[in-house]
Amino acid sequence: MTAIADRILNIPFVRRSDALRTFVVAAWLGWQIESNWADPFLFAIYSLARPIASVLILVVMYAVITDGAMEQPIFSYIYLGNALYILVSSVITGVSWAVIDDREHYRTMKQLYTAPLDGYAYLMGRGVARMLIGTISVLITIGFGLIAFHLPIRLATIDWGLLLLSTALGVASLAAMGLMLGSLTMMLARHFWAVGEMVAGSLYLFSGAIFPLEVLPPWLRPLGFVFPVTYWLEAARRALLGPQALGFPTLAHFSDWQLVGILSGMTAVLIVVSGFFYRWALHQAKEKGLIDMETAY
Amino acid sequence: MSEIREVEKARGFSLFWRTMWARAYPRIIGTTREKSWAFFDTILPLMSTVSYVFVYRAINAPEEYIGFVVVGGAMTAFWLNVLWSMASQLYWDKDMGNLELYVLSPGPMMAILLGMAVGGLVMTGTRAAAILIVCSLLFRVTYQTGSLLLLLAIFTLTMAALYGMGMMFASVFLASGREAWHLSNLLQEPIYLVSGFYFPVRALGFWVATFASVIPLTLGLDAMRQLLFAGGPSLGFLSVRTETGILAVSAVIFIAAAHVMLRKLEEKGRRDGRLIERRR
C-alpha cells in the first residue's frame with residue numbers, strides 16, 4: 001500500500017494539488033490504521049466473518065420460514081440488498097470514526113488542523129480505507145451467495161453500465177453523507193459514536209435494503225424515497241439480477257435511467273451541501289474550542 | 001478538637017462488596033447526570049430489531065417468529081454490554097491509565113469487573129426493556145406467562161454465566177492489546193448467528209447448536225422463548241430443565257475460570273513488565 005501511495009503521490013498533477021496529496025496520504029493512513037496495526041490473520045477473519053455472518057442470519061431466517069426456497073426472487077432481493085448494504089455502513093460510519101479516532105484515541109486533531117492540509121480531502125481520504133474493506137466484503141459476500149445459494153447472477157447478463165454508474169453515484173452520495181456526519185461529530189462531546197451508526201441503521205430500515213418498502217406501514221414509506229441509497233440499491237439489484245428484480249413493486253414505475261437521474265441529482269446536492277456543512281462545522285468547532293476536545297466518553 | 005475516627009479496613013467479602021459498588025458508582029451516577037444516552041441507547045438497537053421483524057413480515061412468517069426476534073433483539077443489549085463494557089474495558093482502562101490504579105488498589109479485579117457490569121446494567125436494562133416494550137406494543141406480540149418464577153431463574157442464571165464469561169474475556173482481551181477492538185467486533189454478528197438471536201437455534205442443526213451452547217445466551221434465550229411463547233417448546237433445542245442445568249454449571253465454570261485467568265494474567269503482566277504498557 002505504501003508503494004502504491006508513493007507512486008500516486010509522484011504523479012505531477014497530484015503533487016501540485018494540496019487536496020489530492022492530502023487525500024492520498026489520508027487514504028494511506030486510514031489503511032494502515034484499519035489493517036496493518038492488527039494481526040493480518042485476525043484482520044482477514046474480522047473483515048470476512050462479520051459480513052458473512054450478518055447475511056447468514058437473514059439466510060437462516062428465510063430458510064426456516066420458506067423451507068429453503070432459495071430460488072424465489074425475494075431471496076435474491078434480501079441477499080443482495082444486505083450484501084450491498086455493507087458498503088453503506090462502511091462509508092457512512094468510516095468518516096465519523098476517523099474524527100473520533102483522531103480526536104479521542106490518537107489525540108492528533110490539534111496537529112492535523114494546524115498543518116497546511118485540506119481538511120475536507122483528509123476526511124474523505126480517511127473514509128477510503130473503510131470503503132475498500134467494505135468493497136472487498138461486498139464482493140466476497142456476493143461470491144459466497146453465488147457458490148452456496150446459486151444466486152441468479154450471470155456475468156454475461158449483468159448490466160455493467162448501470163451497475164458501475166449507479167455504484168459510483170451511490171458511493172459518492174454516501175461519502176458526502178459520511179462527511180456531513182464526520183463534520184457533525186467534530187461538534188459533539190457525547191454520543192458521537194452513535195451518529196454514524198444511527199444513520200446507517202435508519203437506512204437499513206427505510207431504504208428497502210432487506211425487504212421491499214411495501215412491507216413498511218404506509219406512513220413510513222415516503223421516508224425511503226428521500227434517501228439516495230434506496231435508488232442505488234434498486235439500480236444495482238436491477239443491474240445484477242436483470243428482469244427478476246423488476247418483479248417487486250418498489251420503484252417499479254421508474255425506468256433504469258430515471259433512477260440514475262434521481263440518484264445523480266441527489267448526489268450533486270449532497271456533495272455541495274457537505275462542502276458548506278464541513279466549513280460551517282469546522283468553524284463552529286474552532287470557535288467553541290471543541291476541535292481538540294478529549295472527552296474519554 | 002474533633003475526634004479522629006479510625007477507618008475500618010475492609011477485608012474479604014466486605015472489600016469485594018465495597019470495590020464492586022465503588023466501580024459501579026460512576027457508571028450509575030453518570031447515567032443520571034447526562035440523560036441523553038437514553039435516546040441513543042434505545043433508538044439504535046430498536047432499528048435493527050424492527051428491520052428483522054419486517055423481514056419476517058416480508059416472507060409471511062408465523063407471528064411467534066416476530067416475538068422470537070423481539071426477545072432476541074432485547075438480549076443483544078446484554079451481549080453488547082459484556083463485549084464493550086466489560087471484556088474490552090480493561091484494555092481501554094489500560095489506555096486511559098486507570099488499569100495501574102486498579103492493580104495498585106487492594107480491591108479484587110473481579111469485583112472491579114463486576115462493578116462495571118452492575119453499573120452498566122442500568123443502561124443495558126433500559127435498552128433491553130425499551131426494545132421489549134416498544135416492539136411488543138408495535139407488533140402486538142403475545143406472551144404466555146405460565147412460569148414467571150422459572151423465567152426469572154433462567155434469566156438470572158444466564159446473566160451469571162454470561163457475565164462470568166465476560167470477566168474471562170476481559171483477561172483475554174487485555175492480553176490481545178490493540179486487537180481487542182477487532183475481537184469485540186468479530187464477536188457481534190457471528191455470535192448473533194450461532195446463538196440464534198433472531199431465529200430458533202435448533203434451525204442450525206444439533207452440532208452447531210451444541211457448539212453454540214458455550215455462549216450462555218444460546219441456551220438462555222432458547223429456554224426463555226420456550227416459556228414465553230405458545231409455539232416455543234416445539235421449536236426449542238433442549239428441554240427447559242436440561243438448559244437450566246447446563247446454565248447453572250456454565251455459571252460456576254465461567255466465574256471460576258475468570259478468577260484463575262485474571263490472576264494469571266496479572267501475574268504474567270507484572271513479571272513481563274507489560275501490564276500497563278500503552279501502545280496506540
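The values are calculated or read from the model by the stated rules, or taken from the named source; none is laboratory data. Predicted, not measured: the structure shown is a model, and the values here were computed from it. Quick reminder, even Gly has a Cβ in these numbers, built from the backbone with ideal geometry, and neighbours come from all protein chains shown.
Okay, here's what the table says:
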read-out	value
Matching entry among A:Gly119, A:Gly94, A:Gly81, A:Gly125 (being small (Gly, Ala, Ser), buried (at least 16 other Cβ atoms within 10 Å of the Cβ) and within 30 Å of A:His150 (Cβ to Cβ))	A:Gly81
Elements of type helices (runs of 4 or more DSSP H) contained in the range A:22-132, each with 3 or more residues being more than 10 Å from every other protein chain (Cβ to nearest Cβ), more than 27 Å from A:Leu203 (Cα to Cα) and not charged (D, E, K, R)	A:109-114
Every residue from the range B:188-199 that is in a loop (DSSP other than H, G, I, E, B), more than 7 Å from chain A (Cβ to nearest Cβ) and touching a helix residue (DSSP H, G or I) at 6+ places or on another chain (Cβ under 6 Å)	B:Ser195, B:Phe197
Complete set of residues in the range B:23-71 that are closer than 19 Å to B:Arg140 by Cα, of a type in the set (S, T, N, Q) and not in a helix (DSSP H, G or I)	B:Asn60
Residues of the range A:229-285 that turn out to be closer than 20 Å to A:Ile92 by Cα, over 21 Å from the mean Cα position of the chain (by Cα), buried (at least 17 other Cβ atoms within 10 Å of the Cβ) and not small (Gly, Ala, Ser), as a count	1
Odd one out for B:Arg202, checked against (1) within 10 Å of chain A (Cβ to nearest Cβ); (2) crowded, with 18+ Cβ neighbours inside 10 Å	(2)
Residue satisfying all of: in the range A:213-228; buried (at least 20 other Cβ atoms within 10 Å of the Cβ) and of a type outside the set (A, V, I, L, M); farthest from A:Ile86 (Cα to Cα) among these	A:Gly224
Residue satisfying all of: in the range B:171-187; facing chain A (nearest Cβ under 7 Å) and either farther than 13 Å from B:Val82 by Cα or in contact with an Asp or Glu (Cβ under 9 Å, 6 or more places away or on another chain) (or both); modelled with the lowest pLDDT among these	B:Arg178
Residues within the range A:140-177 that are modelled with pLDDT of 90 or more, of a type in the set (Gly, Ala, Ser) and more than 30 Å from A:Val60 (Cβ to Cβ), tallied	6
Count of the range B:122-142 residues which are within 23 Å of B:Glu64 (Cβ to Cβ), of a type outside the set (A, V, I, L, M) and assigned to a helix (DSSP H, G or I)	2
The range B:44-56: number of residues that are more than 7 Å from chain A (Cβ to nearest Cβ) and farther than 11 Å from A:Phe211 by Cβ	3
Residues satisfying the stated conditions in the range A:206-228, i.e. under 15 Å from the mean Cα position of the chain (by Cα) and either facing another protein chain (nearest Cβ under 10 Å) or not hydroxyl-bearing (Ser, Thr, Tyr) (or both)	A:Ala209, A:Phe227, A:Pro228
Single residue of the range B:77-111 satisfying the filter (in a helix (DSSP H, G or I) and touching a Phe, Trp or Tyr at 6+ places or on another chain (Cβ under 6 Å)) that is nearest to the other protein chains (Cβ to nearest Cβ)	B:Tyr91
Some residue of the range B:203-221 being closer than 29 Å to B:Val260 by Cα and touching a Gly at 6+ places or on another chain (Cβ under 7 Å)	yes
